[in-house]
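Visitor: Provided herewith is a single structure, encoded as structure tokens, for subsequent inquiry.
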Amino acid sequence: MRVLIVTSRFPLPARRGNQVRTLEWLRALAAEQVALVCPRPGQPDELQRLDRERLRLWTHGSGPGERGAAIAAAALSGRPLQEGLYATGSARKALTGALREHRPDVAVVQMVRCGWAMDQLGREAPVLPVLFDAIDAMGLHFERAAQLARPWLRPLLRAEAGRCRRRERELAGRASLSVAVSARDLDELAARCGCVVPVSGRIVAEAAAARTRPIVLLSGNLGYRPTVRAALWFAAEVWPRVASSVPQARWVLAGARPAAAVRRLGRLPGVEVHADVEDLGPHLAAATVAIAPMAGGSGVPMKVLEAWAAGLPVVAHPWTAAGLPADARDALAVADCADEWHRAVTRLLADPVEAAKLGERGRELWRRSYHPERVDEGLRAAIGACRA
């Protein structure tokens, strides 16, 4: 089977959820002939890290002028600005070349950002089955961002939320099958035919347990706006109280692309910031409790999945927990206001038995629902259903 995948980012380094999802597709379809259409990597040596013997690659690049013109065209047509950023002439040319040379049996279009590709496939390959992998619903993402934003920014975010929601539902209505990582996101698509296939998170090598002191861990993409907002809130409202209750505790922020405001948190007493961490294993092994205080965003945070895979107890905001399946609610502690966060975190820091039980429930759930083998099975089944 020949599969064509269109994405908005080169999959390496896998610092964002959509990059991880692309790698999951490549892993799940390892026995197939796969072509990938995506932007060029930031570093040329990233090309060598992909298995080029079995993967055909069509990369494209564009300058500020071309991207600006594409964004303007999207705005004038009522399409999401997120999509316009990637709907460039060079991207369209790469897709045409992949269609002509690869002759796919099925195509995967990833996220609303690549909606332009579904339009083009409809013109150039009208009988080709297309799977729309929304991953997470960008309409939901921007609507929640508007609710949390400063008043002057809310109308802009709500406008983009509306554009994304309309476009996502249009794409889901045209696709042979639509996929999202959670039921909440799939519901947002209002797809005529859809299913949930979660992500498993980055595969982290297990490290020997090295818990010598109480450590609170916030991991993941530290430049992602909901995570940045959450980190600043936790630093102002919760961490001083945790540090007062458990003086020996430390708060570690470890992950990719930390924003300047997140880096500055490293100046606070008891706080460490580790930037662009290649291997989270040692940090997960050393931590006592992982936190996911994000009050916004969409999809399923990989920081939760990676903590579960490591057997680490998780405390999460209700918005984050709401994106998980019903059977996941017993696998984490949920905290909303600062008082609840203080109680939940300090309780797990002080009670290793309770922490171990909660961590094991998370690990069992991850093995049952989010293990890479389960995700691969789901993706292969989705491709099969798309072609049926």
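The values are calculated or read from the model by the stated rules, or taken from the named source; none is laboratory data. As the structure is a prediction and not an experimental result, all values here were calculated from the model. Positions of Cβ are generated from backbone atoms using ideal geometry, with glycine treated the same way; all protein chains shown enter the neighbour counts. Remember, those area values only see protein heavy atoms, side chains included, never the ligands or the DNA or RNA. Shrake-Rupley method; radii C 1.70, N 1.55, O 1.52, S 1.80 Å.
Visitor: Just checking, how many residues over segment 10-42 are in a helix (DSSP H, G or I), of a type outside the set (Lys, Arg), open to solvent by less than 20 Å² (accessible area, probe 1.4 Å) and touching a strand residue (DSSP E or B) at 6+ places or on another chain (Cβ under 9 Å)? Explain how you work it out, then say what you get.
Guide: At the first step, the residues of segment 10-42 found to be in a helix (DSSP H, G or I) are 17-28.
Among the residues that remain, those that are also of a type outside the set (Lys, Arg) are: 17-20, 22-26, 28.
Keeping just the survivors that are open to solvent by less than 20 Å² (accessible area, probe 1.4 Å) gives 18-20, 22, 24-26, 28.
After this cut, where a residue has to be touching a strand residue (DSSP E or B) at 6+ places or on another chain (Cβ under 9 Å) as well, the list is 18, 22, 25-26.
Residues that pass the stated criteria total 4.
Visitor: Same structure again: Out of ASP45, ASP51, I need the residue that is among the charged types (D, E, K, R) and assigned to a helix (DSSP H, G or I). Which one? So that I can check it myself, show each step before the final result.
Guide: Numbers: ASP51 fails: assigned to a helix (DSSP H, G or I).
Of the residues listed, the single one that is among the charged types (D, E, K, R) and assigned to a helix (DSSP H, G or I) is ASP45.
Visitor: Another question, if that's okay. Is there any pair linking a residue in segment 296-318 that is without any contact (Cβ under 8 Å) to a residue 24 or more places away in the chain to one that is assigned to a strand (DSSP E or B) and aliphatic (A, V, I, L, M), with Cβ under 7 Å and at least six apart or on different chains, and which?
Guide: Note: pairs meeting the criteria are PRO318/VAL334.
Visitor: Another question, then. State which residue is farthest from PRO247 (Cα to Cα) when the search covers only segment 278-289 and only residues that are open to solvent by less than 40 Å² (accessible area, probe 1.4 Å) and out of contact with any helix residue (DSSP H, G or I) (no Cβ under 7 Å at 6 or more places or on another chain). Let's see the steps before the verdict.
Guide: Taking segment 278-289 first, the residues open to solvent by less than 40 Å² (accessible area, probe 1.4 Å) are 280-281, 284-289.
Still in the list and also out of contact with any helix residue (DSSP H, G or I) (no Cβ under 7 Å at 6 or more places or on another chain): 281, 285-287.
Numbers: GLY281: 25, ALA285: 21, ALA286: 17, ALA287: 16 Å.
Residue satisfying both the conditions and the ranking: GLY281.
Visitor: Same structure again: Quick one: is ALA145 in contact (Cβ under 8 Å) with a residue 24 or more places away in the chain and touching a Pro at 6+ places or on another chain (Cβ under 8 Å)?
Guide: Working: in contact (Cβ under 8 Å) with a residue 24 or more places away in the chain: yes; touching a Pro at 6+ places or on another chain (Cβ under 8 Å): yes.
Considered against the rule, which asks whether it is in contact (Cβ under 8 Å) with a residue 24 or more places away in the chain and touching a Pro at 6+ places or on another chain (Cβ under 8 Å), ALA145 comes out as yes.
Visitor: Any idea which of ALA75, ALA149 is surrounded by fewer than 17 Cβ atoms within 10 Å (Cβ to Cβ), in contact with a Leu (Cβ under 7 Å, 6 or more places away or on another chain) and not acidic (Asp, Glu)?
Guide: Result of the check over ALA75, ALA149: ALA75.
Visitor: May I ask you to verify whether ARG167 is under 30 Å from ALA381 (Cα atoms) and either touching a His at 6+ places or on another chain (Cβ under 6 Å) or open to solvent by 60 Å² or more (accessible area, probe 1.4 Å) (or both)? Spell out the reasoning first.
Guide: Values: under 30 Å from ALA381 (Cα atoms): yes; either touching a His at 6+ places or on another chain (Cβ under 6 Å) or open to solvent by 60 Å² or more (accessible area, probe 1.4 Å) (or both): no.
Here the answer is no, as ARG167 does not meet what is asked.
Visitor: Then there is this: From the list ARG267, ARG250, ARG241, which one is over 21 Å from the mean Cα position of the chain (by Cα) and farther than 22 Å from GLU340 by Cβ?
Guide: Just a single option satisfies the conditions, and that option is ARG267.
Visitor: Just to be sure, is PRO258 surrounded by fewer than 17 Cβ atoms within 10 Å (Cβ to Cβ), under 27 Å from ALA161 (Cα atoms) and touching a residue at least 12 places away in the same chain (Cβ under 8 Å)?
Guide: Values: surrounded by fewer than 17 Cβ atoms within 10 Å (Cβ to Cβ): no; under 27 Å from ALA161 (Cα atoms): yes; touching a residue at least 12 places away in the same chain (Cβ under 8 Å): yes.
Spelling it out, it is not the case that PRO258 is surrounded by fewer than 17 Cβ atoms within 10 Å (Cβ to Cβ), under 27 Å from ALA161 (Cα atoms) and touching a residue at least 12 places away in the same chain (Cβ under 8 Å).
Visitor: Scan segment 206-219 and give yes if some residue there is crowded, with 19+ Cβ neighbours inside 10 Å and in contact with a Gly (Cβ under 6 Å, 6 or more places away or on another chain), otherwise no.
Guide: yes
Visitor: Tally the residues that are among the polar types (S, T, N, Q) and either within 14 Å of the chain's Cα centre (by Cα) or not in a loop (DSSP other than H, G, I, E, B) (or both), restricting the search to segment 288-298. So that I can check it myself, show each step before the final result.
Guide: Within segment 288-298, the subset among the polar types (S, T, N, Q) is 288, 298.
Narrowing further to those that are either within 14 Å of the chain's Cα centre (by Cα) or not in a loop (DSSP other than H, G, I, E, B) (or both): 298.
Of the residues in segment 288-298, 1 are among the polar types (S, T, N, Q) and either within 14 Å of the chain's Cα centre (by Cα) or not in a loop (DSSP other than H, G, I, E, B) (or both).
Visitor: Restricting to segment 170-187, and then to whatever is acidic (Asp, Glu) and free of Cβ contacts under 8 Å to residues at least 60 places away in the same chain, can you tell me which residue is surrounded by the most Cβ atoms within 10 Å (Cβ to Cβ)? Spell out the reasoning first.
Guide: As a first pass, look at segment 170-187 and keep what is acidic (Asp, Glu): 170, 185, 187.
Subsequent filtering for residues that are free of Cβ contacts under 8 Å to residues at least 60 places away in the same chain retains 170, 187.
Values: GLU170: 17, ASP187: 14.
By that ranking, first place goes to GLU170.
Visitor: Looking at ARG67, ARG56, which one is at pLDDT below 95, part of a helix (DSSP H, G or I) and basic (Lys, Arg)? Let's see the steps before the verdict.
Guide: Numbers: ARG56 fails: part of a helix (DSSP H, G or I).
After applying the criteria, what remains is ARG67.
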